Amino acid sequence: MEIKVNFISQEKLNGFSTDEKLEFILKEVEKGQILVLERGLKAEEQTKLIEMTMNDVNEKFTGIEMESYIEEKPTFLQKLLGKNSARMTIVGPAGTLKTIYKDKDVIQAVIVGKKK
């Protein structure tokens, strides 16, 4: 089976409002796409995406798998507000993308194709 991985630029996501960005991500993942976001999601965006996903879970869509690298040196303002952004985020369907290892420098994942 062919599996597609889409690398999404920061510029593309910057053109969306927060809700549009999360809708875009969720629609792509529901189609079975795996996304690598050049500029990751903020913690509150990740939380909202999970909430949105829970509303869409059904027999055909089992949810999402998501991993991010958090910025190692957040700015003073980010620290003060507790709003760290991720440097990169990987998002995919829970049944297809499986994270098997993560540390501060490496996310190792397996992409499982469905048998025809």
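Any read-out appearing in this document is the output of simple, stated calculations on the displayed coordinates, not a laboratory observation. Please read all numbers here as calculations on a predicted model, not as lab measurements. Because the Cβ atoms are built from the backbone with ideal geometry, glycine has one as well, and the counts that use them run over all protein chains shown.
With a cap of 14 neighbouring Cβ atoms within 10 Å, and only residues DSSP puts in a loop, list the trypsin sites (Lys or Arg not before Pro) found in segment 1-40.
Loop-located and lightly packed - Lys4, Lys31.
Neighbouring Cβ atoms within 10 Å as the yardstick, rank Thr62, Thr53, Thr89 fewest first.
The order, fewest Cβ neighbours first, is Thr62, Thr53, Thr89.
Cut-off is 10 Å between beta-carbons; in what order do Tyr69, Tyr101 appear when sorted fewest neighbours first?
The order, fewest Cβ neighbours first, is Tyr101, Tyr69.
List the pairs from Lys31/Lys102; Lys4/Lys98; Lys60/Lys102 whose alpha-carbon separation is above 19 Å, in the order I gave them.
Long pairs (Cα-Cα over 19 Å): Lys31/Lys102; Lys60/Lys102.
Could you work out the local net charge near Phe61, counting Lys and Arg as +1, Asp and Glu as -1, over the other residues with Cβ closer than 13 Å to its Cβ?
Once positives and negatives cancel, what remains is -2.
Return the loop-located GluC sites (Glu not before Pro) in segment 35-66 (DSSP other than H, G, I, E, B) with at most 11 other Cβ atoms within 10 Å of their own Cβ; answer none if there are none.
Glu59
Based on other C-beta atoms within 10 Å, arrange Phe61, Phe7, Phe16 from fewest to most.
Phe7, Phe16, Phe61
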